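First comes the structure, then the notes that go with it.
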Amino acid sequence: MAEGREHREYRMEELAREAGIPVRTVRFYRERGLIAPPRREGRIAWYDDHHLARLRTIAGLLERGHTLTGIADLARTFESGRDVAEVLGLGEPTEETPVHLTPEQLADYFEGEVTPENLAAALDLGYLATDGDEIVHISRRLLEVSAELVREGVPLSTVLSAGRRVREHADALAELFVGVMRAHSTEAEPAQLRPLARAVVDAELSMAFDRRLRRDDDTRPKPSEPKA
């Protein structure tokens, strides 16, 4: 390893030993494009901690039933996605807490549902972003609710499609409340804006559920009365 480098570097044999796999497997992964090319110094190839993290990710995903072809597709999806700085803009969300995950941890949240198509949809929505070798979910609350819906049997693709529709309505509601409050306040963001908006939306959504469920009850066939 070269002296004075910020990150540790490995020759191929050292990398394979750290990852717990044969050298020929590292070579195979490199040829398949599953890990990035090494840094070359003359005839010496140097691998770093990013390569080691990728190898451990591949091993974890293989244990969870993913194929090498599927893992390559997932890697391409993430590499083409937006990074954290692009998603968060100039600052993090003021109320939502981002969650850093390894690809294996994400696979555990949505077992069997982590596909390139679903990842692309989540990246497009801004739910997911990349941060080096990690994945960042923009909101712990959304992550946990989405995972719970999937555990209840709702396909992740359906959750993401519904999320896109909810986003449209949420943007419209935010525009409505911000417009009302700014029209009657000199503050850039009145302190009561968010709690008041949440209270109104929670109450209206609760009543909307009541109305919708009552309509279902009204249209459901009634059981026949027993004959005398």
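The values are calculated or read from the model by the stated rules, or taken from the named source; none is laboratory data. Computed from a predicted structure; not experimentally measured. Methodologically, a virtual Cβ is constructed for each residue, glycine included, from the backbone with ideal geometry; neighbour enumeration extends over all protein chains shown. The accessibility values were calculated without ligands, DNA or RNA, using every heavy atom of the protein model including side chains. Shrake-Rupley method; radii C 1.70, N 1.55, O 1.52, S 1.80 Å.
Summary of values
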item	result
Full-extension gain in nm, Asp131 to Glu187, via 0.36 nm per residue minus C-alpha separation	16.7 nm
Length added when fully stretched, Ala208-Ser80, from 0.36 nm per residue minus Cα-Cα	42.1 nm
Accessible area per residue, Å², the chain with all protein chains present, probe 1.4 Å	67
Share of carbon and sulfur in the accessible heavy-atom surface of the chain [1.4 Å probe, %]	53
Theoretical gain in end-to-end length, Glu111 to His7 [0.36 nm per residue, Cα-Cα removed]	34.2 nm
Loop-resident sites, region 19-52, for trypsin sites (Lys or Arg not before Pro), counting at most 15 other Cβ within 10 Å (DSSP)	Arg43
Using a Förster distance of 25 Å, the FRET efficiency for His100-Arg167 (Cβ separation, nearest 0.05)	0.65
Relative packing of peptides 142-152, 54-64 - highest average C-beta neighbours within 10 Å first	54-64, 142-152
Probe 1.4 Å, all protein chains present, accessible-area order of Ser139, Ser185, Ser206, largest first	Ser206, Ser185, Ser139
Read-out mean projected area of the Cα convex hull in nm², derived from the coordinates shown; its label in [x] 12.8; [y] 11.6; [z] 20.9	[z]
Crossing angle, helix 193-219 versus the chain [Cα axis fit, 0-90 degrees, rounded to tens]	70
